[in-house]
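Visitor: Quick one: the structure is below, and I'll ask about it shortly.
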Amino acid sequence: MSDAVIFAVIFVGFFILRLIAATVVFFFIVPDGDRCPNCDAVTLHVKSRGWNLVMPWFRTSWCYECGWHGLLRRGPLTPTSVAGEPTKQGSKKA
């Protein structure tokens, strides 16, 4: 093999390894769950056809308190509060 082919194979190999390493690091940097990374509020799930098709293991989210929007890893969701018993409004005892 010529020196140019060996150099090309090594160069492309390092490039691919760098992409894999960056992807793994990015995956673990992105927070999991449904909490905003800026203000720790609960975020809303946003349906994004493009992001959900390309990267289904991430959750597209939007924070209605600080306006942050981005990707979160799928993880535990914040439990919703259970509403109390419905009250009868407008009915008064005489």
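The values are calculated or read from the model by the stated rules, or taken from the named source; none is laboratory data. Owing to the predicted nature of the structure, the values given are computational and were not obtained by experimental measurement. We place every Cβ from the backbone using ideal geometry, glycine too, and count neighbours over all the protein chains shown.
Visitor: Out of all the residues in region 52-78, which are more than 16 Å from ALA41 (Cβ to Cβ) and without any contact (Cβ under 8 Å) to a residue 12 or more places away in the chain?
Guide: Those that are more than 16 Å from ALA41 (Cβ to Cβ) and without any contact (Cβ under 8 Å) to a residue 12 or more places away in the chain: ASN52, LEU53, VAL54, PRO56.
Visitor: Restricting the search to region 29-51, which residues are without any contact (Cβ under 8 Å) to a residue 24 or more places away in the chain and small (Gly, Ala, Ser)?
Guide: Passing the criteria: SER48, GLY50.
Visitor: Which residue, of PHE27, PHE7, is touching a strand residue (DSSP E or B) at 6+ places or on another chain (Cβ under 8 Å), surrounded by 10 or more Cβ atoms within 10 Å (Cβ to Cβ) and assigned to a helix (DSSP H, G or I)?
Guide: Of PHE27, PHE7, the one residue that is touching a strand residue (DSSP E or B) at 6+ places or on another chain (Cβ under 8 Å), surrounded by 10 or more Cβ atoms within 10 Å (Cβ to Cβ) and assigned to a helix (DSSP H, G or I) is PHE27.
Visitor: Let me ask something additional. Among GLY67, GLY50, which is surrounded by fewer than 10 Cβ atoms within 10 Å (Cβ to Cβ), within 28 Å of VAL25 (Cα to Cα) and modelled with pLDDT of 70 or more?
Guide: Result of the check over GLY67, GLY50: GLY50.
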